[in-house]
Amino acid sequence: MFDLLVFAQQEAGELAEGLTAVGRGIVYGGAAIGPGIGIGLVVGNAITAMARQPEAAGMVRTTMFLGIAFTEALALFGFVLAFIISG
Amino acid sequence: MSALLGLEFPPISHVIEWPELAFKGTPFAINKATILFCVSTLLTLGFFLLAGRKAKLVPVGMQNIAESSVDFIRNGVIMQTIGPDGMRYLPFLTAMFFFIFFINIFEIVPFIQFPATSRFAVPAFLAILVWLIFNVVGVAKQGFFGYLKNSVIPPGVPKFLLPLVMLIEFVSVFLVRPFSLAVRLFANMLAGHLILVTFSVLCAALFVKQLAVVILPFSFALLVGLTGFEILVAFLQAFIFTILTAVYIGSSMHPEH
């Protein structure tokens, strides 16, 4: 434990760098959870709709891409934020 | 860790920043992204000029591609989102779709392999253009105060919630819309570019290793597969950008009652 503290003091720069990298990972990982579920819901329901009414497939597909685009934006904000974070 | 794996991943700035070739140090400096931007503009212009030069009643070759793509924008984008009175935006949306597609597809063109949209300036410029257009259309169609009222007050909201809803709607319509439009294109292309760079670096690093070379075929197969996937992404992002532009213009033209 003591060794670890000494190490932390000596390698403060490296520690900060490492923690930044961990933070980036957490930011992107956290931001990807919700949109992942959301895109699954959007596409799953779109497939259900297409299977029930194949003649409406074109309209459903357009709306599905719109839904994906809006849902995906949150994950992409996380992706960009992960790059913005700097130690 | 990187010494253990024998893998030196280049920093992000080495992957997306290019040296200035001309007019160094001025705001008009030219680098690879600028050149690709201009080339994409000329490609869009040249494609439609060439396709329409000898227009025939029964289209062949290039005219065929141009006509079916215009048809795709008309039926797949405008009719689905704005309606028949949005036809006057057909040239704008078609040009925008092709411009974004060309500038994205440079991601996988050999020896160029860089989408200029992975620099934020290009999507930001396009998003500001779209922001100006849908606001101007809204003001022209509904008048300044009518447009503002229809944008920030959704129908059927209880009176006591109005201040909060108005604030949220204002931020979401006038600030989040252009920002998310730009970030969506930018982040998708940057992510695709980084993935391709990662697997290329991995392939190059595995190539010189004696024992690890057995995983090279898998890594290379994934690189090839992802390159194919990036063609889809380039097309899809151009399509999504165009259709969202159409949705925003449509919401300015036909307010919800």
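The values are calculated or read from the model by the stated rules, or taken from the named source; none is laboratory data. Keep in mind that this is a model prediction, so the values were computed, not measured. Cβ placement follows ideal geometry from the backbone for every residue including glycine, while neighbour counts extend to all protein chains displayed.
Here are some notes:
- Across region B:223-248, the qualifying residues are those that are touching a residue at least 40 places away in the same chain (Cβ under 8 Å) and away from every other protein chain (no Cβ under 14 Å), and the one among them that is surrounded by the most Cβ atoms within 10 Å (Cβ to Cβ) is B:ALA234.
For (1) at pLDDT 90 or above; (2) part of a helix (DSSP H, G or I); (3) over 30 Å from B:VAL176 (Cβ atoms), each residue gets a yes or a no:
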position	(1), (2), (3)
B:CYS203	no, yes, yes
B:ALA221	yes, yes, yes
B:VAL224	yes, yes, yes
B:ILE231	yes, yes, no
B:LEU236	yes, yes, no
B:PHE241	yes, yes, no
B:LEU244	yes, yes, no
B:HIS257	no, no, no
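- Matching residues in region B:10-27 - criterion: being surrounded by fewer than 10 Cβ atoms within 10 Å (Cβ to Cβ), of a type outside the set (Gly, Ala, Ser) and more than 30 Å from B:LEU202 (Cβ to Cβ): B:THR26, B:PRO27
- Residues being part of a helix (DSSP H, G or I), within 14 Å of chain A (Cβ to nearest Cβ) and in contact with a helix residue (DSSP H, G or I) (Cβ under 8 Å, 6 or more places away or on another chain) are entirely absent from region B:161-171.
- Within region B:187-206, if we keep just the residues that are among the small types (Gly, Ala, Ser), without any contact (Cβ under 8 Å) to a residue 40 or more places away in the chain and away from chain A (no Cβ under 14 Å), the residue that is surrounded by the fewest Cβ atoms within 10 Å (Cβ to Cβ) turns out to be B:ALA204.
- Residues that are touching a residue at least 24 places away in the same chain (Cβ under 8 Å) and either more than 23 Å from B:PHE235 (Cβ to Cβ) or hydroxyl-bearing (Ser, Thr, Tyr) (or both) within region B:175-186 comprise just one, B:PHE179.
- Selected residue (criterion: modelled with the highest pLDDT) from residues of region B:115-125 that are buried (at least 24 other Cβ atoms within 10 Å of the Cβ) and among the hydrophobic types (A, V, I, L, M, F, W, C): B:VAL122
- Entirely in region B:4-120, the helices (runs of 4 or more DSSP H) that have 2 or more residues that are within 25 Å of A:PHE79 (Cα to Cα) and among the aromatic types (Phe, Trp, Tyr): B:90-105
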